[in-house]
Structure formats: C-alpha cells, structure tokens
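Data first, discussion second: the structure below is written as structure tokens.
The values are calculated or read from the model by the stated rules, or taken from the named source; none is laboratory data. Note that the structure is a prediction, hence the values are computed from the model and not measured. Here the Cβ is made from the backbone with ideal geometry for all residues, glycine too, and neighbour counts use every protein chain on show. The protein model used for the area step is the full one, side chains on, heavy atoms only, and it has no ligands, DNA or RNA in it. Shrake-Rupley method; radii C 1.70, N 1.55, O 1.52, S 1.80 Å.
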Amino acid sequence: MSRLFSKTLLVVGALFAAISLVMSLVSGWNIHRGMSQEFRDMGHAVAGILADASVGPILDHNPVLLQSMIDQYLGIEGIAHILVADRDGTVIAHTFVPSVPPHIRELLSGTADARHDLASGPASTRAIDTASTIEVLAPVLGGMAGHVLIGMDRAIIRDQVLSVIAQQQGLMLLLFLCAIGVCWYLIRLISRPLNDLGAHARKVAAAEVGSIGKLSAEIEHLAGSSHDEIGELARSFMHMEAELDQSVRQLAVSIAEQERIRTELEVAREIQMRILPDPTHLGSLHPAVRIAARIETAEEVGGDFFDCFTLAAPLREGQTGAPGRRLFLAIGDVSGKGVPAALLMSMTCTLLRTRAARHTSAAGLLEEVNLTLSRDNETCMFVTVWCGFLDLTTRELTYASAGHNAALVRAASSEVRELQAPRGIVLGADANVRYRDAHVRLDPGDVLYLYTDGVTEATSVATELYSEGRLMGALRDSRCDSPEAVTRFVADTVRRFAAGAPQADDITMLAVQCV
Amino acid sequence: MRRRAALACLLLLLIRGTGTPAAAADSPGQDVIVLGMSGALSGASAGLGRELRSGMVAYFDHVNRDGGIRGYRIELKVYDDGYNPGPAIHNTLQLIERDGALALLGYVGTPTVTRVLPLLKMYEREEVLLFFPFSGAEPQRSEPYGRYAYNLRPSYREETRGLVDNLVATGRQRIAILYQADAYGRSGWQGVRTALEAHRLDVLAEATYGRGGDFEDSYAAQVDILRAAKPNAIISIASYAAAAGFIRDARDAGWDVPIANVSFANSQQLLELLNAHAQISGRRYGFNLVNSEVVPHFRDESLPAVREYLEIFGASTAHRPGYVSFEGFLNAKLMVEILRRMEGRAERREFRDVLDGMTDFDVGLEERVSFGPGRNQGLHTIYFNQVEDGRLVPLQDWSALRIDVETL
C-alpha cells in the first residue's frame, strides 16, 4: 500500500467515522424523540378508547369482559401492559405477570382521591414517564368510575433506535468500503506513475555518464499518454534528463580538458624547475663559496626564479685568466602567476644565463635583458630581478636591481645590513631604462642573503605580513654560519609565522658565503 | 378410436362421480346435522380440547350407529384454535358461514368463548347459539351475551364459592389466588373475590401467569409472591400445565400449603404431569391438593350416566375415561336430547322453544337438568376430589387437609 494511500485512508476513515457517529446520534435522537411522542399519542388514544369502552363493564361489575377487552389491546405492538382500576383504585383487570408492580400501585394510589378534586377542573388523560415505560392514565367517566392505565414499552423505542443506528452504521460502512475502493483505485492510478517517476529519478541519479539519455525511454509512455500533471511532470523529467545528459557530457569533456591542462602544467613545472639550478648541487659549485637555495612555490607553476653559476673572469686586453673566478647570482620574481609567468620566467632566466658571460656589469646585463623583454611585451608582464657578479678572488660584488628587494648581508658578527643599490625599474616595462651598478666587498664569513617578496609578504593567519623587519631579525637571530642553516632557519621562522595559512606568492631565497 | 372415447367418458364420469360427495362434505348434506366446535387441539391446553371432543364424538357415533336423529346423521366439525381468541373467531365464522353448522357446541376456554360471544350477537337474526362451552365464566351466563349461550356445567363462581366456603369452614381464611392473566383467570378471580366477600374477607394476595404457560416454565416468582403473604390456602385458576408447574415449584420450595384447582385445570392431566415429574424428582406432589369438578367422578358407577359413559366411551375410543371426556359425553347426550325434541332436520329457530320446555330432564346424574327463560345453565352441583396414592378420589373430609405449618 502506498504511503499516499495510507494517509488518505486514515483521513477518509476518520472523516467517515465522525460523520457516521454524528449522523447516528442525530438520527437516534430524532427517532427517539419522534417515537416517544408517537407512543405517548398512541397511549393517549388507546387509553381514551379503553376508558370509554370500560364504562359498561365497570358499571355492570363485569371484570371478565373488561379483561377480555384489554387482552385484545395487549396484542398492539408497543403496549406493555394495561390495567383497569375502579373508583376506589382497586385493580379489577390487568395484564401484569406475575403481579402488579409496586410503582404502578403507587401511580394508582392517587386516583382514588381524584373525585375529590373536581374543583381543579375536568380530569384529563396524563402521561407519566418511568424508566422502562411511558404510563398513560385515563379517567373513566371523569375518574368517577375508575381509571385505565396503559404502559407503553420503551424497549421498543430503544430497539428501534438501535436498529436504525445499526442499519445506518452498516450503510455507512458499506459506503466507506466503496469509497475506500474508489480511493484506492484513483490513488493507484495517480501514485503508480508517480512511483514510476520516483524510481526512474533514482535510476537517473545512479546512472553512468552517457546512459541517462537511454533511461528516458522508460517514461516516454507517461509523457505521451497522459495530458495531466503527471504527463507534464514526465515531459519535464525527459527534458531535464536531456539537458542533464548534455551538461554531464560537457562536464566530462571539460574535466578531461582540465586534466590534460593540469598534466601539461605539471610537465611545465618540471621543465621550469629543471631550468633552475638544483639546490643540492650548489654546494659543490666552487670551493671559494658556500651556496644554499630554497624555493617554495605557491602554485604549480610559479614566477620566482634564482640562478647561480660560475663564469670566467672577463678578459681584459692582453690578459688571460683562469675560468671560474666569477660567480653569477640572480634572483627574480615575475608579475602574475601560472603559465604566462612561467614562460616569462623561463625566458628571463634563459636570457640572463646566456647573456651573463658577455658582461662584467650587472646593470649592463639587466639593460640587455630588459631590451629583449620590453620588445613586443604586449601582455605587459614584468619581472623584478636582482643580479650580481661576485669576484671569487677579491670577494668584490658588482650588482644591480631591476625593481627587486635589496639584498641583505649577515656578517659573522650577526650584524645584518642591507646592500644599498638604486632600485631600478622592473624588466619589461620600458626598453630604454638605464640601470646602475653598485659595488661592495664581502668579508670572509659574510652571508649574502637574496630573497623574493614571497618571504616578506608571507601572511599569518591574522593576515599580518612577515615584513622585512622580522626577516632581518630572523637573520640576526640565526646563530648559524652556513648558508644552508641560514636559509633553513629563515624558512622555519616564516613557516611558523604563517602557521599553515595559505601563501599567495612563491617563497624563494638564495644565500652565498665567501669562505 | 370409439373404444378409447368410451373409456374417456367413463373416466370423466368416475371423476365426477367421486367429486360430488367430496364437495358435499363442505356444505351440509341432506342427511347430516352439522354441529361446530372450536377448541384447543394444540398448545398448552390441547389435552382439554381433545378429551372433550372424544367424549362428544363417542356419544354422537353411538347415536349415528343407531340411525341418528330421525335418520339424520350428526356430524361434529372441529377446528383447532390453540386456546387463542383470534383463531376461535375465525373458526366460528367458518363454521357458521361455510359449514352451515346448526349450532356451536363444546367450545373450550373462557378467553376464546368471551370473544366469540359478540359474534353470536351479530348472528342474532340467524339464531346461532353456543351450547355447553367448557368454561365456567360469567359472560356466557349473564347479560348482555347470556341469551346466546346454554351451559351445562356449573359456573366458576359456583366452583370457587364451593372451594371458598369449604376452605373458610375448615378455618382457612387467608386465601391467596393464582390466576391466568386473561378472561378465564379474571373470571375465577371474580368468583373467589365474590365468595370471600360473602364471608367479609378479601383476597389475601394474587399472582398471575401468562396464557399458554407450560409445565416446563418456572413459577417460582408466583410462588414467592404468594408465599410472602403467608396464606393458608391457594386457589389456582389455571390451565392444567401451569397449575401443575405452580404446584411443582411450590412443593419443591418446601411449601406445603393446600392448593385448590377448578375444573378447567383438568385434574386428571394435572395429576399425570405431577406423577410423571415425581418419577424424576422422587418427591411427592399429590398431597394437600383439592380439585373442584363440575361432573361427578367418572368411575362412580352408582350413576346411570357414568355407566352409560363407561360402556359407550370405553368401547369407542382408546382414550382413558376422565372428567373432561365425561363432561363432553354429557354435553353430547343433552345435545342429542335437544335435537330429538326438534322436528325434521332441525332448524335453529326451534331451539328456544325446545329449551324453554326442557324441565327436569334426567341426564343420568342425581341432579336434573332444566332450561328456560333466564335459565341458561343446566347443572349446579360441584364435586370435589383429592389425590390418594397417585389417583383422584372423591374428597370426603375437608378437615383432613393438612395444616400448613407456616401459617400456624
């Protein structure tokens, strides 16, 4: 049985029961009232007739005729008993078995005095209600000859009321069953397609991609055959499924596309990371320096980069030199993220690497690279770069900055200072920008610390920036004298500061120490 | 073909030939005097109707065998009314209108007879008379209907007076009454009441039962009501079945009070019921019972009527002799005498003259029967009997009735 049917059945049942009860009560009450009145009237009529007919036998002292007469009336349905009393209230004929009950004798006791009450008007027939009967007392010759008492049986009224109520209840039950039958049929008619649609919807929900369209055939008959709300619903279902099918297909295509792009990006990242020097190999780059680097990318393909390799010293005229006496250092950050940034970073990296050997001036190198990048830079992407040449013999550093954060130097004495340099304009913005070199001689033990703004702009959970102040503090506090230890210490500090908050930018650092 | 046609004619004649007498049975034939009876042949009082009929039929058969009345055969048409007034009226109409009954004879019971009486008034012009009903009630003895009926048996008033007088004379003044809640009961009730009034006494207590009360019904309620009043005698105006039931319940309750029954309570059948019940219960029920009878004991062969009855009745039927069949026998004997005094096939209009001239007719009892203007009852002597050794014997000594210990 469907739940819809159960609910309807309950409501209809309650409704029928209520109606049936009310109807029965009303009819029962009406019948009771009507029949009581009818019995009273009949009692009056019969008592009147008997009172008139009794005159002769009473006056003739012929109780046998009287008895014979009242016996005839006892056959009338509803008459329970008849009694005739003479003027003294003595019962001279009656139909009671086994005897005249006391309450009837009490009723009669008052009649003996009736003839003394002439002043109160003519004696009249009166009805007295008792528990089981309606007693009608009629005077014979105005009460002077005696009285006739008719008892009308209430049990018949009660039986009649019960019989009518039973009939009515039976009829109501029949109607109820018929109504239930019709309801059941109608609800089945309505609920079956709904159930079918429900089952169909569950199937659709569980269906494999691409098979939704085929399921619609199941409800095609509903959509086609009925023109009511069910048909409308079925048609909506079919329409929705068609849309859903298409959307799911599109989604599948786009997921595949995204997957492909993601795979490609991963490849791109690998390629990009391969462009950068492997930090684990930096330690053995040259015995005169110790180098450490660290890069943590915020997205798969980031825009930060660093580079570090040795160069032969530039040959002055007539002079030859052993190669490996210069160390080229570069760190940079491409504006934007993702593939375009990665491409620009690759390009910048490649330009710096290929052009570095021709230059002794960091500014010159930057100007050449800027010239190339600024040409046809329609996407208006920029790169900040700090780069420098470290003479491994003299520990003299020639450096320049294209809009990048200033480098920091941590002396062996834990003192930290910023390497002053003209900040310069970012690469790629203007082909005609001039950069200026700065020079500094590093002391043995000094750690040159290069970083991108990902470090200083690392954010805590409370969206507070890590800041240069904290960075310099961390450098100062790092009681380490090796570049690896310094970079690890700073990275740990930043991580603790961020406390798991997602970082928007790559975090890149490069540290070099002259031995 | 001719033989077949002749055979068909013969068959037709045969059918017609047998059909005519059958049709004649419904309407009075030339040589038949039809008398009509309606009585209880079924129901609680069936024994009365059957016995009464058997007594009448035995005598009529005897007369018919001897050549009938002037060559006219007497036919008694009997219909069953089950002791109910409605069927009794229907039967009476049938007897008068269809069967052409010369007179109505031997109706059984007061409630039936009382209701039939107005019918006789209706047929006043046809002069339909009711003879010798088995009822001692007053309506068929007094105005306004007494003129349409002739009674043989004494009235209940006489029976009850006989009972009351004898009971009072033997010191039983606290008399209660059990009666059937109908005209019969009322008739006896009135008789007892009137008889007691003559002694300046009143009915001590009364209880009723419904007409048709059977022996198997319980009469404990009636016993309780009457016993509560502590009477020293009960007069029972009941049918034999109810009277026997009441006696059984009274005795079973340990109540030994003397109980007197009237003739309608067919003392023989009453005793048969009690004797049969005594076999089952092992008690005795016959003590302290008195029955008033309207005819002498049916074995009192000192009476010519009894001798004739025993001779004719004993030879004709399988029924055992009894009061009721004896009464029926006497009814028939008197009826035959009346018919004999009429002329030819007898006409209803002859009845009055014949009856007016019937004086001191010897029906074979000690008492002579006389009818005439203002005299519509033939017999007035009441007989009493009691039970001894399970048999009915004439009551000799009223004072021999045991005194009920409860009322001492």
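Does B:ARG352 meet the test of being in contact (Cβ under 8 Å) with a residue 60 or more places away in the chain and not in a helix (DSSP H, G or I)? Considered against the rule, which asks whether it is in contact (Cβ under 8 Å) with a residue 60 or more places away in the chain and not in a helix (DSSP H, G or I), B:ARG352 comes out as no. Here B:GLY100, B:GLY36, B:GLY67, B:GLY71 are screened, and the one residue that is crowded, with 19+ Cβ neighbours inside 10 Å, more than 18 Å from B:ALA183 (Cα to Cα) and either among the small types (Gly, Ala, Ser) or within 14 Å of another protein chain (Cβ to nearest Cβ) (or both) is B:GLY36.
Checking the condition open to solvent by 10 Å² or more (accessible area, probe 1.4 Å) and of a type in the set (A, V, I, L, M, F, W, C), which residue from B:LEU167, B:LEU201 passes? Exactly one residue qualifies, and that residue is B:LEU201. Being part of a helix (DSSP H, G or I) and out of contact with any Leu (no Cβ under 9 Å at 6 or more places or on another chain) is a property that holds for A:ARG470.
Take the residues in segment A:322-363 that are among the hydrophobic types (A, V, I, L, M, F, W, C) and modelled with pLDDT under 85, then tell me which one is most open to solvent (accessible area, probe 1.4 Å). It comes out as A:LEU343.
Screening A:VAL100 with (1) away from chain B (no Cβ under 14 Å); (2) of a type in the set (A, V, I, L, M); (3) in contact (Cβ under 8 Å) with a residue 12 or more places away in the chain gives one miss only, at (1).
Within segment B:277-333, the set of residues being of a type in the set (A, V, I, L, M), assigned to a loop (DSSP other than H, G, I, E, B) and in contact with a helix residue (DSSP H, G or I) (Cβ under 6 Å, 6 or more places away or on another chain) comprises just one member, B:VAL295. Filter segment B:139-160 down to the residues that are assigned to a helix (DSSP H, G or I) and free of Cβ contacts under 8 Å to residues at least 60 places away in the same chain, then identify the one that is least open to solvent (accessible area, probe 1.4 Å). Among them, the one singled out is B:TYR148. State whether the residues of segment B:312-329 include one that is small (Gly, Ala, Ser), closer than 30 Å to B:ALA183 by Cα and without any contact (Cβ under 8 Å) to a residue 60 or more places away in the chain. No, because not a single residue in segment B:312-329 is small (Gly, Ala, Ser), closer than 30 Å to B:ALA183 by Cα and without any contact (Cβ under 8 Å) to a residue 60 or more places away in the chain. Of all the residues in segment B:251-276, those that are assigned to a helix (DSSP H, G or I) and closer than 29 Å to B:LEU52 by Cα number 10. Among the residues of this structure, B:PRO144 counts as one that is farther than 24 Å from B:ALA241 by Cβ and within 14 Å of chain A (Cβ to nearest Cβ). Considering only residues in segment B:105-138 that are more than 19 Å from the chain's Cα centre (by Cα) and open to solvent by less than 10 Å² (accessible area, probe 1.4 Å), the one that is farthest from the other protein chains (Cβ to nearest Cβ) turns out to be B:VAL128. Elements of the type helices (runs of 4 or more DSSP H) sitting completely within segment A:207-280 and holding at least 3 residues that are surrounded by fewer than 17 Cβ atoms within 10 Å (Cβ to Cβ): these cover A:220-225, A:229-275. If the condition is being over 18 Å from B:LYS77 (Cα atoms) and not aliphatic (A, V, I, L, M), then segment B:332-347 contributes B:GLU337, B:ARG340, B:ARG341, B:GLU343, B:GLY344.
Here is a check on your reading of the model: is B:ILE225 more than 9 Å from chain A (Cβ to nearest Cβ) and touching a Ser or Thr at 6+ places or on another chain (Cβ under 8 Å)? Spelling it out, it is not the case that B:ILE225 is more than 9 Å from chain A (Cβ to nearest Cβ) and touching a Ser or Thr at 6+ places or on another chain (Cβ under 8 Å). Is it true that some residue in segment B:149-165 is more than 14 Å from chain A (Cβ to nearest Cβ) and more than 30 Å from B:PRO258 (Cβ to Cβ)? Checking segment B:149-165: at least one residue is more than 14 Å from chain A (Cβ to nearest Cβ) and more than 30 Å from B:PRO258 (Cβ to Cβ).
Here A:ALA123 passes the criteria (1) at pLDDT 85 or above; (2) more than 14 Å from chain B (Cβ to nearest Cβ) except the one numbered (1). For segment B:366-384, the set of residues classified as crowded, with 18+ Cβ neighbours inside 10 Å and more than 15 Å from B:GLU158 (Cα to Cα) consists of B:VAL369, B:PHE371, listed by residue number. Scanning segment A:159-187 for residues that are more than 10 Å from A:SER24 (Cβ to Cβ) and surrounded by 15 or more Cβ atoms within 10 Å (Cβ to Cβ) turns up A:GLN160, A:PHE176, A:ALA179, A:ILE180, A:CYS183, A:TRP184, A:ILE187. With respect to the stated conditions, A:ALA511 fails to be farther than 22 Å from A:GLY332 by Cβ, of a type in the set (A, V, I, L, M) and open to solvent by less than 20 Å² (accessible area, probe 1.4 Å).
Condition check ((1) touching a Leu at 6+ places or on another chain (Cβ under 6 Å); (2) at the interface with another protein chain (Cβ under 9 Å from one of its Cβ atoms); (3) not aromatic (Phe, Trp, Tyr)) across all residues:
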{"site": "B:TYR209", "(1), (2), (3)": "no, yes, no"}
{"site": "B:ASP217", "(1), (2), (3)": "no, no, yes"}
{"site": "B:ALA221", "(1), (2), (3)": "no, yes, yes"}
{"site": "B:ASN232", "(1), (2), (3)": "no, no, yes"}
{"site": "B:SER236", "(1), (2), (3)": "yes, no, yes"}
{"site": "B:TYR240", "(1), (2), (3)": "yes, no, no"}
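Scanning segment A:42-63 for residues that are more than 14 Å from chain B (Cβ to nearest Cβ) and either among the aliphatic types (A, V, I, L, M) or under 20 Å from B:ARG115 (Cβ atoms) (or both) yields A:MET42, A:ALA45, A:VAL46, A:ALA47, A:ILE49, A:LEU50, A:ALA51, A:ASP52.
Residues of segment B:181-207 that are closer than 13 Å to B:ALA242 by Cβ and either β-branched (Val, Ile, Thr) or within 9 Å of chain A (Cβ to nearest Cβ) (or both): B:ALA181, B:ASP182, B:TYR184, B:GLY185, B:ALA207.
Taken as a whole, segment B:266-277 holds no residue that is over 24 Å from B:ARG161 (Cα atoms), open to solvent by less than 10 Å² (accessible area, probe 1.4 Å) and within 14 Å of chain A (Cβ to nearest Cβ).
With respect to (1) in contact with a helix residue (DSSP H, G or I) (Cβ under 9 Å, 6 or more places away or on another chain); (2) assigned to a helix (DSSP H, G or I); (3) open to solvent by 20 Å² or more (accessible area, probe 1.4 Å); (4) not small (Gly, Ala, Ser), the lone exception for B:ILE247 is condition (3).
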